[in-house]
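The values are calculated or read from the model by the stated rules, or taken from the named source; none is laboratory data. These figures come from a predicted structure and were not determined experimentally. Because the Cβ atoms are built from the backbone with ideal geometry, glycine has one as well, and the counts that use them run over all protein chains shown. Accessible surface areas use protein heavy atoms only, side chains included; no ligands, DNA or RNA. Shrake-Rupley method; radii C 1.70, N 1.55, O 1.52, S 1.80 Å.
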Amino acid sequence: MKKLYTLMLMATMALTFTACEDEFIADTLEGTWSGNMYVSSYYDGRDYYATRSEITFSIDPFRFTKGSGYWVDYYSGAPWDYVANHISWRVDNGNIYINFLDEGTSVVIADYHLSDAHFSGYIADGDNDVHFNLTHISSPNWDEYDYWGYDEWYDDGYYTRQTRSGDSTVVKPTEKPVRKFGKKADNL
């Protein structure tokens, strides 16, 4: 009986340590990160490569290991300046799961290094593992509530492609670009 009790106690402690580790990871993720995610978007028979990405992780105040946020990929030379998506995310057994709500896709980050200032590692997109490197650029400012609200990224629904000229007579593409992860080819 003592052995059974000891095994149950050890199992409970292991779960507790994992939950605490997941909460620590989520707490460290909170804020905005910027850098290279090696993202490209395929549109109209052509690949466009993002110059940088910004990801904002906001913790759910009732569930400390998950939350919501934004993922914005900025482009140069594409028919749009950026592609923005709402995300939901969670930390489970040290893995970070990100769902792109507007695209209906998801990725997993399992092999990474995370500190208060840097976040780097590999993002798994299907069979494709792509290296990324991000820097922590801001933490939530709870006194500035408008920052987390509705903003100009999303003018019709959650997804927006803003034209470079800003001219309202320019016809926006009718299909959404398809996000891909991977390094830019040398010859592009």
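Quick rundown of the values:
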| read-out | value |
| --- | --- |
| Within the range 68-136, strands (runs of 3 or more DSSP E) holding 2 or more residues that are in contact with a Phe, Trp or Tyr (Cβ under 6 Å, 6 or more places away or on another chain) and surrounded by 18 or more Cβ atoms within 10 Å (Cβ to Cβ) | 80-92, 118-125 |
| Evaluation of Asp27 against (1) in a helix (DSSP H, G or I); (2) open to solvent by 90 Å² or more (accessible area, probe 1.4 Å); (3) modelled with pLDDT under 90; (4) of a type outside the set (A, V, I, L, M, F, W, C) (one fails), failing number | (3) |
| Filter result for the condition that a residue is among the hydroxyl-bearing types (Ser, Thr, Tyr) and at pLDDT 90 or above, over Tyr74, Tyr158, Tyr147 | Tyr74 |
| Index of the failed condition, Asp47 passing every other in (1) under 15 Å from the mean Cα position of the chain (by Cα); (2) surrounded by fewer than 17 Cβ atoms within 10 Å (Cβ to Cβ); (3) touching a residue at least 24 places away in the same chain (Cβ under 8 Å) | (1) |
